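**Student:** Just dropping this structure here.
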Amino acid sequence: MSSEIIPSKGILYIFPFPLANSKFFSQYEPIVSKLNYFVCESQKGFISFLANTISRFNINDYEILLNNEHTSNDLSVKNQFLSWLKLGVDIGLVSDIGLPSVADPGSELVLLAHLQNYKVYPLVYESSIMAALCASGLNGQQFMFHGYPPYETSKKAKFFEQLLKDKILKKYTHLFIEAPYRSQAFFENLLHLLPDDALLSITVEAHAPDMLIKTDYIRAWKTKPLPSLKKKRVVFLFRAYQ
């Protein structure tokens, strides 16, 4: 397990499920051993995850919520998840294989956690972009990485105007990075460039001790004190819901 500081309570942990290397699971054990609540695709997949993570377990020690293609529209799933959030317990999110929320179930519950001001922690160390996407709660089925946005103000405004007009692309999650010294300015630009009902997510200094991940509507961002992003490494994500 890496040595960065992880908050101790009220967290939604997102666990990647390795495609081949079972030794990768061992780094999860310190966290999994303290969790009793999990969201998973299937009980079989969850048992496989536990079997590869910790040496001894009793499946009856865990509260399991199934979230898959058969239950995604079931309000009882969201209601149960909300009840766990209200308890203030830590929760694990696991896919049968791969990364939850990215071409796999989970994004709606991650978004719900954000909107309830619940902490989200992606255990994805290889890519800040994938960590940001799976932890955002935004569309992980259709997304585009744009790299750096246009530098000039006029070109930037035109770029976003065209992006928001496209009926197909505005359903996608759009990801951007920016030079750390321009992070604050770009963040404030987005608050003016995007419509109030768009969702904007930021992942700041992924896996650093002061990591911040937050998703909210533009209208909500505008009403709260903004975080300082000066000289910070940030992944910006948004989705226009119209």
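The values are calculated or read from the model by the stated rules, or taken from the named source; none is laboratory data. Note that the structure is a prediction, hence the values are computed from the model and not measured. For neighbour counting, all protein chains shown are included, and Cβ atoms are generated from backbone atoms with ideal geometry for every residue, glycine included.
**Student:** Quick check on this structure: which one of Val124, Val120 is at pLDDT below 95 and in contact with a strand residue (DSSP E or B) (Cβ under 9 Å, 6 or more places away or on another chain)?
**Tutor:** Working: Val120 fails: at pLDDT below 95.
Answer to the check: Val124.
**Student:** Right, something else. State yes or no: is Glu152 acidic (Asp, Glu) and surrounded by 12 or more Cβ atoms within 10 Å (Cβ to Cβ)?
**Tutor:** On the way: acidic (Asp, Glu): yes; surrounded by 12 or more Cβ atoms within 10 Å (Cβ to Cβ): no.
Considered against the rule, which asks whether it is acidic (Asp, Glu) and surrounded by 12 or more Cβ atoms within 10 Å (Cβ to Cβ), Glu152 comes out as no.
**Student:** Now, a different point. Which residues, taken from the stretch 77-100, are under 18 Å from Gln43 (Cα atoms) and assigned to a loop (DSSP other than H, G, I, E, B)?
**Tutor:** Ser95, Asp96, Ile97, Leu99, Pro100
**Student:** For residues in the stretch 52-76 being in a helix (DSSP H, G or I) and surrounded by 14 or more Cβ atoms within 10 Å (Cβ to Cβ), which is farthest from the chain's Cα centre (by Cα)? Spell out how you get there, then give the answer.
**Tutor:** Within the stretch 52-76, the subset in a helix (DSSP H, G or I) is 52-53, 59-61, 75-76.
Those left that are additionally surrounded by 14 or more Cβ atoms within 10 Å (Cβ to Cβ): 52-53.
On the way: Asn52: 24, Thr53: 22 Å.
This residue is Asn52.
**Student:** Which of the residues spanning the stretch 83-97 are touching a strand residue (DSSP E or B) at 6+ places or on another chain (Cβ under 6 Å), of a type in the set (Gly, Ala, Ser) and at pLDDT below 95?
**Tutor:** Looking only at the stretch 83-97, we keep the residues that are touching a strand residue (DSSP E or B) at 6+ places or on another chain (Cβ under 6 Å), and these are 84, 89-95, 97.
Retained after the next criterion (residues that are of a type in the set (Gly, Ala, Ser)): 92, 95.
Within the stretch 83-97, Ser95 is the sole residue that qualifies.
**Student:** Of the residues Leu237, Leu138, which single one is outside any loop (DSSP other than H, G, I, E, B), touching a strand residue (DSSP E or B) at 6+ places or on another chain (Cβ under 9 Å) and under 15 Å from Leu111 (Cα atoms)?
**Tutor:** On the way: Leu138 fails: outside any loop (DSSP other than H, G, I, E, B).
The match here is Leu237.
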